[in-house]
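The values are calculated or read from the model by the stated rules, or taken from the named source; none is laboratory data. All of these numbers come straight from a predicted model, not from anything done at the bench. Here the Cβ positions follow ideal geometry from the backbone for every residue, glycine too, while neighbour counts run over all protein chains shown. For accessibility, only protein heavy atoms count, side chains too; no ligands or nucleic acids. Shrake-Rupley method; radii C 1.70, N 1.55, O 1.52, S 1.80 Å.
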Amino acid sequence: VETSQTETATALIQAHIVPVKGVQTLSCEKDDCTKFDFQTIQSNVPWIDDYFLERIRRAEPVAFQVNESAASEVMPTGTASELQVQPEQALTSVEQRAIQVAFLGQRNDFATFVIKSYQVKTGAEYGLYHNEYVNLDLTQKKRLALQDVMKKGSEQKLLDALYEANIFWLNAHDIDKSKLKLSDNFYFAASGLVLVYPLYELVDYGLGMPELKVPYVALNGIVEPQYL
């Protein structure tokens, strides 16, 4: 039994992207409609699949509600795609919301995924997007926060290392060390730990979501050895 549990916990993840079932593609209220496009992963680890499906349900509960009567009352003749292409002829404003889950990689019992979300409204100059990295401990069956992979009390050390490793970029964008904070949105890359910041937090929209890297050599004594 113990052997079986260990094999299950450290199984090599095999995953592919599939559409989320049970989602209404269009939801309308009065003069506003929302189009939904959700994709998640289907893998050989059921609890991981359930985790991401629940995340999507919590993020967009309206998409899982039946609202066909409301849609038929306000939607003009034509498809949703036609409304998007010719918004000036539409009787409603349409907002598009998309979520996609992807599997990025695995090292022993540590696996990383990303939840990509995007939303844009008809007539908007550009949409908003966010990439949320999810790091899972396959043995404990839980998500790991940044503090979970760090040695206790090493927050300031990581902040110092983060600043030193990115000092030229930070100075170029007038970001003082006192304004720099640790981000709980992170992943481990081939070159080190990467902290990801939301749109607008550090720089303007045009520069996207900044990714500040700390090389592995600077993480000794900061990050727990099993994650290096």
In nm, what is the difference between 0.36 nm times the number of residues separating ASN44 and TYR118 and their Cα-Cα distance?
23.9 nm
In order over region 100-115: 3J(HN,Hα) from phi, Karplus 6.51/-1.76/1.60, θ = phi - 60°, whole Hz, x for each Gly or Pro, gives 9, 9, 9, 8, 9, x, 9, 9, 6, 9, 10, 10, 10, 10, 9, 9
Over region 97-154, what is the mean sequence separation of C-alpha contacts under 8 Å (at least six apart), divided by residue count, expressed as relative contact order in percent?
26
In nanometres, the difference between 0.36 nm per residue of separation and the alpha-carbon distance of ALA190 and LYS141 is 15.2 nm
If you add up the charges near TYR118, with Lys and Arg at +1 and Asp and Glu at -1, over every other residue whose beta carbon is less than 14 angstrom from its beta carbon, what do you get?
0
Leaving out ligands, DNA and RNA but keeping every protein chain, what accessible area does ILE41 have, in Å² rounded to the nearest 10, with a 1.4 Å probe?
10
With the radius of gyration and the Kirkwood radius both derived from the Cα set of region 145-193, what is their ratio Rg to Rh?
0.97
Enumerate the lysines that LYS21 could reach by cross-link, defined here as Cα to Cα under 16 Å, with residues fewer than 8 away along the same chain left out.
LYS35
Given a Förster distance of 35 Å, report the FRET efficiency between LEU12 and GLU155 from their Cβ-Cβ distance, rounded to the nearest 0.05.
0.55
The answer for LEU104, listing residues at least 5 apart or on another chain whose modeled amide H is closer than 5 Å to its amide H, is THR112, PHE113, VAL114
